[in-house]
Amino acid sequence: MDVLLQQLVNGLILGSLYALVALGYTMVYGILELINFAHGEIVMLGAMVSVTVLGLLVAAGVPVPLALAVALAAAVLVCMATGVLVERVAYRPLRNAPRLAPLITAIGVSIVLQNLAMIIWGRQYLSFPPVLAPHVYEWHGATVSNVQLLIVAVAALTMGALLLLVQRTRLGRAMRATAQHREVAGLMGVDVNRVIAATFAVGSALAAVAGLLIAAYYGIAHYNMGFLLGLKAFSAAVLGGIGNIPGALLGGLLLGVIESLGAGYIGDLTGGFLGSHYQDIFAFFILILVLVFRPSGLLGERVADRA
Amino acid sequence: MRSKLLIACILGASYWTAPAGAADPATVKIGCVAPLTGPQAHLGKDIENGARLAVDAINATHPTLGGQPVQFVLQVEDDAADPKTATVVAQKLVDEGVKGVVGHLNSGASIPASRIYADNDIPQISPASTAVAYTHQGFKTTYRVMANDSQQGQALGKYATKLGKRVAVIDDRTAYGQGLIDEVVKGVAAAGGEVVGREYTTDKSTDFTAILTSLKSKKPDVVVFGGMDPQAAPMIRQLRTLGMKTAFMGGDGMQSAEFLKLAGPAGEGAIGSSPGLPLAKMPGGADFRKRFNERFGKVQIYAPFAHDAAVVMIQAMLRADSTEPEKYLPELAKTRIDGVIGPIAFDDKGDLKDGPVTLYQVKKGHWEPVETVGGQAAK
């Protein structure tokens, strides 16, 4: 029983990370109907930048909380800048092109960012400086570390802030309006270009936070960590209902739990036929199931009304 | 008549141009393949640097073959630790006319590539592939300069059982990881221990909490991992985060400077095995380390082995006075030299005779040798 609990705990942590990244996908899809495949690389950039900055600051003797804050700020700034730049350079010119063009462009941007990271940081794994002394807490037989609790807390705070932004601010209202019907929102006085840029910026900021948390959790960052993560987060977004912000949250958490439980029990379930090295298939299996049986996702799709 | 004149002219031209090359040394291409991109790139670069150190040292002595001065050129290729890429790269090297290959790193790459080299009679000496299957395919061209996984796995299994009777194992499903753990399981059984659980992962994963949790419930004393350091490092961190106090052991894929860097304080107490002697105890170790550090920086794991692989290959060519594989392959088989790593001689399969295996433990952030098994007594 405590194994099940532990797997659930693991799954929730993983799920929080997926949810943070899935939000970026879902917001962009809601407004542009574009699957921003480069989003995974933004997460990777966030991780790499935060690890690099943190390493420099810690080596210079800066106190840990300040170093972490600066590293986070640096990662957020870099990611927001990259996200907005990518939108401006790669997606805006294709705003009215057939849907396939920006999709392929997104894949191209993903490749460019990966290779840029490889050129800048090399092919080595970067290691997250051991600044967070791990404390392990026991809870009904399951162990949770302070880093894991931090991840859940930060993820929850960030997602709460996002919901506040979208529901209670002018920018949020503009985003919702643009997501509903771009042309009409423009007619109503919304600066559509600015709103789209802001959406990318917000999504990228979330990605930066996710990147820092992932680097802190696993202790490593490397240039091709974004690809698979991006695909899984996208699957999570689809699972919850693409375009739907609470959907991304739910999808992310659910996917994390399914993956953890699946990887833990798959050996027993299939009688040893499939081993736990098939952990990654769960995300894609879910994606296929969702697309076949409930394409609008669990909480329903929320995309532009083209009527 | 006109065509005969044309042919005569062409032949004459080639006759005239040929001697012009005699003044410059002929180049002999030696292939060197390892992952130069990806998570194991630091290990691949280590191999390239080791081989390069050897080749440059030999070139500096102005070697001659068949009376002609020759220069050995290292043709370096990247196989990204991927079996498919390895075969493509192997074919490329064959087409480029290499006379021998130092490589690959991963057993999963060496094994498929060896077929291509064998079909073209190109000798291959691996500085790092430890899977038993590599030399047991019946090819005459496969060699390695380190102990194989049957020795390594047995050493690991025995030592693990010494630490505790309940042993859990994880492998990364590559030819190397799987082969190593299969041997570890045999070693554990032979030493009277019990394998309480076996889990799997891939050589690209970073999240192991699910499988470690699953193993935790089986209450092991030791966890043995067959795989490389980019997985081993996060694995031991997650192990400790889950509150598991078990000993953590791994093979040569884990026993590297990179593991220490990536695992940080969580790596303390981890045990890794490595075929061969500790660099400090190798007969040529101190000198090699000095020469290598001057030029390339820190030794990861495989540089001395790559160095000796290149030396063995080139010396066989020099002894046979030819770069043609049919001529120097028999000389390669008869190799009996003292390399940096120690005495090198091959058995009939191409395995290193009396290859030692050393177990290291992380103490205060450094790998310290704990025990050496097999081989000639380390001094």
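The numbers here are math on the coordinates, done by the rules we state, and not lab data. Just so it is clear, the model here is predicted, and its values are computed rather than measured. Here the Cβ is made from the backbone with ideal geometry for all residues, glycine too, and neighbour counts use every protein chain on show.
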>> Can you bin every Cα-Cα distance in the stretch A:3-293 into 5 Å intervals starting at zero and give me the percent of pairs per bin, rounded to whole numbers?
In response: 1, 6, 11, 16, 18, 17, 13, 9, 5, 2, 1, 0, 0
> Quick one: in the protein assembly as shown, what % of C-alpha pairs are over 47 Å apart?
Replying inline: 26 percent
>> For the stretch B:315-355, which trypsin sites (Lys or Arg not before Pro) pass both filters: DSSP loop (anything but H, G, I, E, B) and at most 14 other C-beta atoms within 10 Å?
In response: B:K334, B:K353
>> To make sure I understand, if each residue's beta carbon is the centre and we count other beta carbons within 10 Å, what order do A:S16, B:S273 fall in, fewest to most?
In response: A:S16, B:S273
> Under unit Cβ charges (Lys, Arg +1; Asp, Glu -1), what dipole magnitude, rounded to 20 debye, does the protein assembly as shown have relative to its Cα centre?
Replying inline: 1180 debye
> In whole Å and largest first, what semi-axes does the C-alpha gyration tensor of the stretch B:141-272 yield when each eigenvalue is scaled by 5 and square-rooted?
Replying inline: 21, 18, 13
>> For a quick check: with amide H placed at 1.01 Å from N, whose amide H comes under 5 Å from B:M146's, ignoring anything fewer than 5 positions away on the same chain?
In response: B:L352
> Looking at the stretch A:12-105, which trypsin sites (Lys or Arg not before Pro) are DSSP coil and have at most 12 other C-beta atoms within 10 Å of their C-beta?
Replying inline: A:R99
> What 222 nm value per residue comes from the helices of chain B, counting each DSSP H run with n ≥ 4 as -39,500 (n - 2.57) and dividing by all residues, nearest 500 deg cm²/dmol?
Replying inline: -13500 deg cm²/dmol
> Which residue fluctuates the most in chain A, going by a Gaussian network model with Cα springs under 10 Å, if the choices are A:L57, A:L206, A:L289?
Replying inline: A:L289
>> Sequence gap at least 6, Cα distance under 8 Å: using those rules, report the relative contact order of chain B to the nearest whole percent.
In response: 17 percent
> Using Cα pairs under 8 angstrom and six or more residues apart, how large is the relative contact order of the stretch A:3-293, in percent?
Replying inline: 38 percent
> Where both residues lie in the protein assembly as shown, what percent of DSSP beta bridges are antiparallel, nearest 5?
Replying inline: 40 percent
>> As an exercise, identify the chymotrypsin sites (Phe, Trp or Tyr not before Pro) in the stretch B:294-379 lying in DSSP coil whose Cβ has no more than 16 other Cβ atoms within 10 Å.
In response: none
> Can you give the net charge of the other residues whose Cβ lies under 15 Å from the Cβ of B:G138, counting K and R as +1 and D and E as -1?
Replying inline: -2
>> Going through the cross-link list B:K281/B:K364; B:K298/B:K363; B:K186/B:K245; B:K140/B:K353; B:K165/B:K245; B:K281/B:K334, which pairs have a Cα-Cα distance over 22 Å in this structure?
In response: B:K186/B:K245; B:K281/B:K334
> Hull surface divided by four, with the convex hull built on the Cα atoms of the stretch A:236-307: how many nm²?
Replying inline: 5.1 nm²
> At 222 nm, what helix-only mean residue ellipticity would chain A give, in deg cm²/dmol to the nearest 500, using -39500 (n - 2.57) for each DSSP H run of four or more?
Replying inline: -24500 deg cm²/dmol
> Expressed as a whole number of Å, what is the distance separating the alpha-carbon centroids of the stretch A:117-131 and the stretch B:151-217?
Replying inline: 29 Å
>> Quick check for me: using +1 on Lys/Arg Cβ and -1 on Asp/Glu Cβ, what's the dipole size of chain A about its Cα centre, in debye to the nearest 20?
In response: 960 debye
> How big is the stretch A:65-224 on each of its three principal axes, counting only the C-alpha atoms and giving the largest first in Å?
Replying inline: 56, 40, 31
> Which residue, A:M80, A:M118, A:M27, has the most motion in a Gaussian network model of chain A that connects Cα atoms within less than 10 Å?
Replying inline: A:M118
>> Give me a comma-separated list of calculated 3J(HN,Hα) values for the stretch A:14-24, in order, Karplus coefficients 6.51, -1.76, 1.60 applied at θ = phi - 60°, integers in Hz, x for any Gly or Pro.
In response: 4, x, 4, 5, 4, 4, 4, 6, 4, 4, x
> Which of B:G264, B:G243, B:G197 moves the most in a Gaussian network model of chain B with Cα springs under 10 Å?
Replying inline: B:G243
> Net charge near B:P275, counting Lys/Arg +1 and Asp/Glu -1 over other residues with Cβ under 12 Å of its Cβ?
Replying inline: -3
> Whose amide H sits under 5 Å from the amide H of B:G100, counting only residues 5 or more places off or on another chain, with H placed in the peptide plane?
Replying inline: B:G31
> What is the mean projected area of the alpha carbon convex hull for chain B, to one decimal in square nanometres?
Replying inline: 20.3 nm²
> Given Cα pairs under 8 Å that are at least 6 residues apart, what percent is the relative contact order of the stretch B:99-227?
Replying inline: 23 percent
>> With every atom except the alpha carbons ignored, what do you get for Rg and Dmax of the stretch B:248-354, in angstroms?
In response: 16.5, 53
